[in-house]
Amino acid sequence: MGSIPIAVTTNAAQTSLNGVKFNGTWQPNSHHKLNLGLTYLGSRYGNYYPLGQGNPPNYKGRPLDDSPQYTVNVGYTYTHPLPIGGSVAMGVHTYFSDSYIVSDVAIPIQYRQPAFHMTDVDATYNFPGGNWYAEAYARNLENKILVINANPDFVVPGAPRTFGLRVGFYY
């Protein structure tokens, strides 16, 4: 007879969090736009026993899951108006992340996602009138494999390098 998987949620009631987040945009003119985001996050478990109170291990003092200490976002977009109306915007955006922990609390075991960076690019045609757009994009140009979730039997990876087209409207 087969077994039925059961998801268990435990509460890490005692944690300590402190941090700072900065997001800024500088647009010196209608053609150029720079974005910058910086984050510092200090996170620690208080007394937390994933297998129940008093059952080792105690995660006290360990960083919280999915909580990189430092992240940086940098982006640049160039927009060029077209003589026939509308515009073309081309952008490049890079995300840097410090390493972080991913846990399987049912066992319990912790995995470390190493520090990484990922770059996305896009090109968007904004139709005359500004209501419609068509965009081509590429995500994760470095094709980094990130761990989203893990346990001894399987790993859930993040999205690989992805290409796409999108059409939409503003309302």
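The values are calculated or read from the model by the stated rules, or taken from the named source; none is laboratory data. A quick note: this is a predicted structure, and the numbers were derived from the prediction, not measured. When we count neighbours, we look across all protein chains shown, and the Cβ atoms used for this are built from the backbone with ideal geometry, even at glycine. When the accessible area is computed, the model is the full protein with side chains, heavy atoms only, and any ligands, DNA or RNA have been set aside. Shrake-Rupley method; radii C 1.70, N 1.55, O 1.52, S 1.80 Å.
Only residues that are at pLDDT below 95 and surrounded by fewer than 16 Cβ atoms within 10 Å (Cβ to Cβ) were counted in the range 63-82, giving 1. When the test is whether a residue is within 25 Å of Tyr171 (Cα to Cα), in contact (Cβ under 8 Å) with a residue 12 or more places away in the chain and either in contact with a helix residue (DSSP H, G or I) (Cβ under 9 Å, 6 or more places away or on another chain) or of a type outside the set (Phe, Trp, Tyr) (or both), Asn35 passes it. Look at Pro50 and say whether it is open to solvent by 30 Å² or more (accessible area, probe 1.4 Å), over 30 Å from Tyr133 (Cα atoms) and modelled with pLDDT under 95. Here the answer is no, as Pro50 does not meet what is asked.
Within the range 98-111, is even one residue within 26 Å of Pro50 (Cβ to Cβ) and of a type in the set (D, E, K, R)? Yes - at least one qualifying residue is present in the range 98-111.
Checked against (1) closer than 22 Å to Thr119 by Cβ; (2) exposed (fewer than 14 other Cβ atoms within 10 Å of the Cβ); (3) β-branched (Val, Ile, Thr), Val92 passes all but condition (2).
Among the residues making up the range 127-146, a single one is free of Cβ contacts under 8 Å to residues at least 24 places away in the same chain, at positive phi and open to solvent by 60 Å² or more (accessible area, probe 1.4 Å): Asn143. One residue stands out among those in the range 147-163 that are part of a strand (DSSP E or B) and at pLDDT 90 or above: the one that is surrounded by the fewest Cβ atoms within 10 Å (Cβ to Cβ), which is Phe163. On the basis of being at pLDDT 95 or above and surrounded by 13 or more Cβ atoms within 10 Å (Cβ to Cβ), does Ala106 make the cut? Criteria not met by Ala106. Condition check: polar (S, T, N, Q) and either in contact with a helix residue (DSSP H, G or I) (Cβ under 6 Å, 6 or more places away or on another chain) or under 23 Å from Tyr45 (Cβ atoms) (or both). Does Ser87 satisfy that? For Ser87, the condition - polar (S, T, N, Q) and either in contact with a helix residue (DSSP H, G or I) (Cβ under 6 Å, 6 or more places away or on another chain) or under 23 Å from Tyr45 (Cβ atoms) (or both) - is not met.
If you go through the range 81-132 and keep only what is in contact with a strand residue (DSSP E or B) (Cβ under 9 Å, 6 or more places away or on another chain) and aliphatic (A, V, I, L, M), you end up with Leu82, Val88, Ala89, Met90, Val92, Ile101, Val102, Ile109, Ala115, Met118, Val121, Ala123.
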